[in-house]
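Beneath this line is the structure, given in structure tokens, with notes to follow.
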Amino acid sequence: MKAKFLVWLLLFVIPCLLKAQQRCGSFQHFTQALQHNPSLKYKQQNIENAVKARVAQSGHSANAKPIASIIRIPVIVHVIYHLPVENISDEAIQKQVAALNRDYRRTNADSINTPFYFKDAAADARIEFELAKVDPDGNATTGIERVYSPVAKWSGDDKMKYKSEYGAKAWDADSYLNIWVCSMNDILGYSSIMGEEKEKDGVVINYDVFNDLEDGGAYNSGRTAVHEIGHWLGLKHLWGDADCGDDGIDDTPKQQTYTTGCPGGIHTSCGNTSNGDMYMNFMDYTNDPCMNLFTNGQRDHMRALFEEGGFRSSILSSKALGVPSAQGIALPDSVIEISAIHLYPNPTRSELTLDVKNDNSWIGKEIIVTNVTGNVILHHLITSASDKLKTDNLQSGIYFIHGNNNGKKLSQKFMRL
């Protein structure tokens, strides 16, 4: 009997657990973060208590200050790539942002699939997302930053959020939603924890699910980002990350655990009502084509974060969607052909690595370094796939590397600290 149970466990339960872990790493990230900083539990609890109090008082307090009808959240997408395929296109990013707006505004065509017994609970969250127009220095931006990294795979330990780890630094979390897109180990995405350091604030999404391909694939409709941003906005998994746990939302039925795949019909657990589990909710683990709603309670919980004094209220006064107030020096685009040289660390002090592993035809070619006025500072011959350029004799400032490899042109910038 024990042997049969073990076989059943290996064949059915463990694969389901692995699949669930791949969908979302937020709870694992939370657990690991608490081990390093136990005070996070109390910070998060205080934020949640404040949200519950605001939800309870909403519309009943004479002193309550209403927030904007539509909450607009500026987004900066940090694309961190090692291989060319990971350097996703502007079009893919724009489709993903459109998918966020589709689902948070409940304009998704598959909202018709919400079971009739849950339709009254389904909500337009009145939250919209837009790529930032202004960077933290007041300069114009596309809301997309692209960074080449020598790191091939990332895990849920936040290293992709630091330049010192060859990742990308967060923009001011009081004014932007930071999204890091990179190649992840084992998980599709995860969110930061409310109360963590601001430089960690945001969500991380695997590059191959950051899109809206609309082809019916399990994770191709952009809903990994919808789910993780739900965490960023204070929502928990429906099962409260415990057996028949509590997500703190009144109109989401209790359920025993996560749901995988694309089920149909009514599935009951934890003594919930005859309507069963709300497995089509964006905060479950079902496949993208089978998710289609947030509830009124989830909407109120998310929007309460933006009320006066709320944890994310500073977003409402962000200037990131306004008009640029400063005009920086026009610099060459840092997004270049896949044959180009990748530079790191950038900024640098004494030495810059020139990585040409994606196109070793650059070996034996000469490059020049110029300053911002176009004066040639030095010539350098590339002698290996991971060449070193000494920069300790350069003054602090912006420099450019130029090269020509049989018609393949290179123009890349770097900063000497």
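The numbers here are math on the coordinates, done by the rules we state, and not lab data. Just so it is clear, the model here is predicted, and its values are computed rather than measured. When we count neighbours, we look across all protein chains shown, and the Cβ atoms used for this are built from the backbone with ideal geometry, even at glycine.
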- Message: Looking at region 185-205 only, could you name the residues that are out of contact with any Ser or Thr (no Cβ under 7 Å at 6 or more places or on another chain) and of a type outside the set (Gly, Ala, Ser)?
- Response: ASP186, ILE187, ILE193, MET194, GLU196, GLU197, LYS198, GLU199, VAL204
- Message: Looking at region 161-184 only, could you name the residues that are among the aliphatic types (A, V, I, L, M), in contact with a Ser or Thr (Cβ under 9 Å, 6 or more places away or on another chain) and farther than 17 Å from CYS24 by Cα?
- Response: ALA168, ALA173
- Message: Looking only at region 92-140, count every residue that is under 16 Å from ILE179 (Cα atoms) and part of a helix (DSSP H, G or I) and tell me the total.
- Response: 10
- Candidate set: region 276-320, residues that are among the aliphatic types (A, V, I, L, M) and part of a helix (DSSP H, G or I); chosen: the one surrounded by the fewest Cβ atoms within 10 Å (Cβ to Cβ): LEU316
